[in-house]
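Just below is one structure, and these are the notes that go with it.
The values are calculated or read from the model by the stated rules, or taken from the named source; none is laboratory data. Remember, predicted model here, so these are calculated numbers, not experimental data. Reconstructed Cβ throughout: ideal geometry from the backbone, glycine too, with neighbour counts over all protein chains shown. Ligands, DNA and RNA are stripped out before the accessible areas are found, and what is left, the full protein with its side chains, is counted by its heavy atoms. Shrake-Rupley method; radii C 1.70, N 1.55, O 1.52, S 1.80 Å.
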Amino acid sequence: MSKIFKLLILPGDGIGPEVMTEVTKLISAVEKSSGAKFEITYDDIGGAAYDRYGTPLADSTLEVAKQSHAVLLGAVGGEKWDDLEFSLKPEQGLLRIRKELELFANLRPAMCFESMVDASSLKPELVAGLDIMIVRELTGGIYFGKPRGIETLADGTRQGVNTQTYNTKEIHRVARIAFELARKRDNRVVSCEKSNVMESGILWREEVTAIHTNEYNDVELTHMYADNCAMQLVRNPKQFDVIVTDNLFGDILSDEASMLTGSLGMLPSASLGEVDENNFRKALYEPVHGSAPDIAGQGIANPIACILSFAMCLKYSFEMNDEADKINDAVNNVLTSGYKTKDLIGNNEQNLSTQQMGDKIIEAFNSIGS
Ligand code: IPM
Ligand code: MN
């Protein structure tokens, strides 16, 4: 009897639908090769959801997300919705689904495929073999802290307010995810904050240390200020194995890390919740890149980040490690053969369209024996 997995697919805005189309083609290939069955529901998020429901994330969509085994998301945002009131903007849909599903751990691997070494803005020897896992806290910190808002002071000056808060529970659970991942990798964690400036950073450092001492002292733990980490990432990126950090620093450091791999179009992510009493973990998978309005609709977007996000879904939600590895190998094979999309600037290479790249990867996937 084959397993049936319920997937909610939210293509979103901009290049989201284009890259997601390639993923849905790949899903059929995975069904054929593995015997697993995916029961797919499609819905909208972000600007597309605003246009359809008048809100960037409808309650009904959220309900379906809660009932699904995993959510696949494309991207949100675009200038069409720039003038909307803040609470209705596309990004609010993404932030709400992360928060409501309590997806507190955002895994952003930055790996440099052999064939991509020359596409990186750093020297080849600095990025060859690079394999970093950034664990970004995703449901706390300054993204959600209160008070927040824009206020007008007595003298008429306007003031914007956001608040960074972290409590022990939030720090402990994301630290545990980082240590667990490290144990399956090179067993090293670097924890980043600004404890030289922020009290929330002091607490972060103390609590990560406590979890380490009590539960994971077999793992190597180093603390680093986030600004130093930003610098070290371009100075000597291979010194890192797992990086664990807060919501805002993680947002910034993961964009930076993406360029080590050659293109933002290569980076997948997994956002995970706590394991519940039925041994089930809510999860959402999305490319790190955004909706890229400047190239949307042209058929030139790189579908690899979205495809690799689906590979992460197979690995982290469905324990289909072999199929996930096959997807990664297929991507590597296609890149090694010299096929690139426009963002992966290289020499003597033919640029493929989004659809052609999707087809090449599926072809390569099908030709790898299971
Ligand atoms: C990301 C994005 C989002 C974030 C935006 C679109 C809300 O930049 O996933 O990194 O800041 O978290
Ligand atoms: Mn970001």
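All conditions but one from (1) assigned by TED's automatic domain parsing to the domain that holds residue 60; (2) more than 28 Å from residue 343 (Cα to Cα) apply to residue 141; the one that does not is (1). Note on the stretch 178-194: among residues that are in a helix (DSSP H, G or I) and under 22 Å from residue 232 (Cβ atoms), the one that is most open to solvent (accessible area, probe 1.4 Å) is 181. Assessment of the stretch 50-71 against the conditions (surrounded by fewer than 20 Cβ atoms within 10 Å (Cβ to Cβ), within 13 Å of ligand 1 (Cβ to nearest atom) and in a helix (DSSP H, G or I)) yields no matching residue.
Residues in the stretch 222-280 that are in contact with a strand residue (DSSP E or B) (Cβ under 6 Å, 6 or more places away or on another chain), touching a residue at least 40 places away in the same chain (Cβ under 8 Å) and more than 16 Å from ligand 2 (Cβ to nearest atom): 6 in all.
Put simply, of 326, 315, 360 the only residue that is of a type in the set (Lys, Arg), open to solvent by 70 Å² or more (accessible area, probe 1.4 Å) and assigned by TED's automatic domain parsing to the domain that holds residue 8 is 315. Sort out which residues of the stretch 129-162 are farther than 20 Å from residue 211 by Cβ and either open to solvent by less than 30 Å² (accessible area, probe 1.4 Å) or in contact with a Phe, Trp or Tyr (Cβ under 7 Å, 6 or more places away or on another chain) (or both), and write them in order of number. Passing the criteria: 130, 132, 145. Could you go through the stretch 5-18 and let me know if any residue there is of a type in the set (Val, Ile, Thr), under 30 Å from residue 293 (Cβ atoms) and touching a Phe, Trp or Tyr at 6+ places or on another chain (Cβ under 7 Å). So far as the stretch 5-18 goes, yes, one or more of its residues are of a type in the set (Val, Ile, Thr), under 30 Å from residue 293 (Cβ atoms) and touching a Phe, Trp or Tyr at 6+ places or on another chain (Cβ under 7 Å).
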